[in-house]
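The block underneath contains the structure these notes are about, expressed in structure tokens.
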Amino acid sequence: MLKVGIVGCGHWGLNHVRIFYCNKSSKIKICCDRNPSRLKVLSKIYPDLAVTTNYTKVLNDSEIDAVVIATPTATHYGLVRAFLLSGKHVLCEKPLVIKKREAEKLILLAEKKRKTLMSGYVFLFNDGIAALKKYVNKKGFGRIFYLHFTRTNLGPIRNDVDVIYDLASHDISITSFLLEGWPKSVSANAGFFLRKKVCDTAFITLYYPGNRLVNIHASWLDPQKIRTLTCVGDKKMAIWNDLSASEPVKIFDKGIVREPFYSDYSEFQLLPREGAVTNPVIGLTEPLRNQNNHFLNCINKNKTPLTDGKFGHNVTVVLEALRLSLREKGRIQEIKEKYLL
């Protein structure tokens, strides 16, 4: 049974505590947070758990095999590095780091220490996304033209990163999972409505090889919570709605066909083709539970995680390019950095 430490017990960290506490193949040894009031709440829910405000108690505990880091993004690099050096496996919430160079150093360190390093991109463990990937990979779906994401809500507003690093990073991870590749160039425009230096609304375009286009609308400043993805292929189309428990994925047998334009045989017209709408039955399980089970399984079987350090590095490469585009008023930025595969 793997012994686990949790560092960061805020809103999302508490979910990690709940899942690992109930996991039969792991045991939480200690939970850490700088805020004593959070630990008081945690102790009321789980009175048998050890808690501390000092992360070095987790760091220096030789009985702990793995740690989950759910702290502000700016702290990730230092914490991940420290725990890898202490000989512990690490699952770090997204984004793994702010700078790609930091990710490269952590990857080398994890390899040197022979420890598992995993990035917490939870939507890759979402049953709806997994089902969508199966459908779009079928020959009958055809070549993907474009993806469109809407990820909006009124808050929660983070202080450590902007809306691109917070929300759009999810959609970057989903896109590269579905398309099995990474963008060659990007562009971003954003609004700074609530604070001058932290964007709260963003409109992003990713340009993938094969003339595939991705559009992302991410916002903390929207009256409606929406988590949708539209996938348009040349033969079929699909919609994923994360907020729909009964029909998270819909497959549309629709497309555009070229028909002869009979007034002139040298011309063709494009006509819509209407077909059936399929709602596949998908058994939904908790994505975070799936992700954390994957982490434990990779440790026990010495496997490479789906969202390993290299995956986290590649997302950060895209995020840095988007940040540069934002500084240059939305100018398209070619990504010259090498992705790690």
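Checking each residue in segment 69-104 for being part of a loop (DSSP other than H, G, I, E, B), closer than 19 Å to Asn54 by Cβ and of a type in the set (A, V, I, L, M, F, W, C) picks out only Ala70. A residue that is at pLDDT 95 or above, acidic (Asp, Glu), surrounded by 19 or more Cβ atoms within 10 Å (Cβ to Cβ) and in the same structural domain as Val249 (by TED's automatic domain parsing) can be found somewhere in segment 182-204. Ser26 falls short on exactly one of the conditions (1) in contact with a Leu (Cβ under 6 Å, 6 or more places away or on another chain); (2) under 21 Å from Val318 (Cβ atoms); (3) of a type outside the set (Phe, Trp, Tyr), and that condition is (2).
Looking at Asp160, Asp127, which one is under 30 Å from Val232 (Cα atoms) and acidic (Asp, Glu)? Spell out the reasoning first.
On the way: Asp160 fails: under 30 Å from Val232 (Cα atoms).
Criteria check complete, one pass: Asp127.
Among what's in segment 93-117 and is touching a Leu at 6+ places or on another chain (Cβ under 9 Å) and within 27 Å of Thr228 (Cβ to Cβ), pick the residue that is surrounded by the most Cβ atoms within 10 Å (Cβ to Cβ). Taking the candidates together, the pick is Leu96.
Quick check: is even one residue across segment 89-97 in contact (Cβ under 8 Å) with a residue 24 or more places away in the chain, assigned by TED's automatic domain parsing to the domain that holds Gly10, closer than 16 Å to Asp160 by Cβ and charged (D, E, K, R)? For segment 89-97, residues in contact (Cβ under 8 Å) with a residue 24 or more places away in the chain, assigned by TED's automatic domain parsing to the domain that holds Gly10, closer than 16 Å to Asp160 by Cβ and charged (D, E, K, R): present. Within segment 26-38, being of a type outside the set (Lys, Arg), surrounded by 12 or more Cβ atoms within 10 Å (Cβ to Cβ) and either more than 27 Å from the chain's Cα centre (by Cα) or assigned to a strand (DSSP E or B) (or both) holds for Ser26, Ile28, Ile30, Cys31, Cys32.
Can you tell me which residue within segment 238-255, out of those that are among the hydrophobic types (A, V, I, L, M, F, W, C) and surrounded by 19 or more Cβ atoms within 10 Å (Cβ to Cβ), is farthest from the chain's Cα centre (by Cα)?
Taking segment 238-255 as the starting set, the residues that turn out to be among the hydrophobic types (A, V, I, L, M, F, W, C) are 238-240, 243, 245, 249, 251-252.
The next check asks that each one be surrounded by 19 or more Cβ atoms within 10 Å (Cβ to Cβ); those that pass are 238-240, 249, 251.
On the way: Ala238: 20, Ile239: 18, Trp240: 15, Val249: 19, Ile251: 23 Å.
Across segment 238-255, the extreme among qualifying residues is Ile251.
Annotation note: Cβ proximity below 8 Å between a residue of segment 109-122 that is in contact (Cβ under 8 Å) with a residue 24 or more places away in the chain and part of a helix (DSSP H, G or I) and a residue that is crowded, with 20+ Cβ neighbours inside 10 Å and hydrophobic (A, V, I, L, M, F, W, C) (sequence gap 6+ or interchain) occurs for Leu109/Leu84; Ala110/Leu84; Ala110/Val90; Ala110/Leu117; Lys113/Leu84. For segment 42-68, the set of residues classified as of a type in the set (A, V, I, L, M, F, W, C) and assigned to a helix (DSSP H, G or I) consists of Leu42, Ile45, Val58, Leu59, listed by residue number. Would you check if there is a residue in segment 171-181 being without any contact (Cβ under 8 Å) to a residue 12 or more places away in the chain, touching a strand residue (DSSP E or B) at 6+ places or on another chain (Cβ under 9 Å) and either assigned by TED's automatic domain parsing to the domain that holds Leu194 or surrounded by fewer than 18 Cβ atoms within 10 Å (Cβ to Cβ) (or both)? So far as segment 171-181 goes, no, none of its residues is without any contact (Cβ under 8 Å) to a residue 12 or more places away in the chain, touching a strand residue (DSSP E or B) at 6+ places or on another chain (Cβ under 9 Å) and either assigned by TED's automatic domain parsing to the domain that holds Leu194 or surrounded by fewer than 18 Cβ atoms within 10 Å (Cβ to Cβ) (or both). In the set Asn60, Asn23, only one residue is over 26 Å from the mean Cα position of the chain (by Cα) and of a type in the set (S, T, N, Q); that residue is Asn60.
The values are calculated or read from the model by the stated rules, or taken from the named source; none is laboratory data. Just so it is clear, the structure is predicted and the values come from calculations on it, not from any experiment. Every residue, glycine as well, gets a Cβ built from its backbone with ideal geometry; the counts of neighbours run over all protein chains shown.
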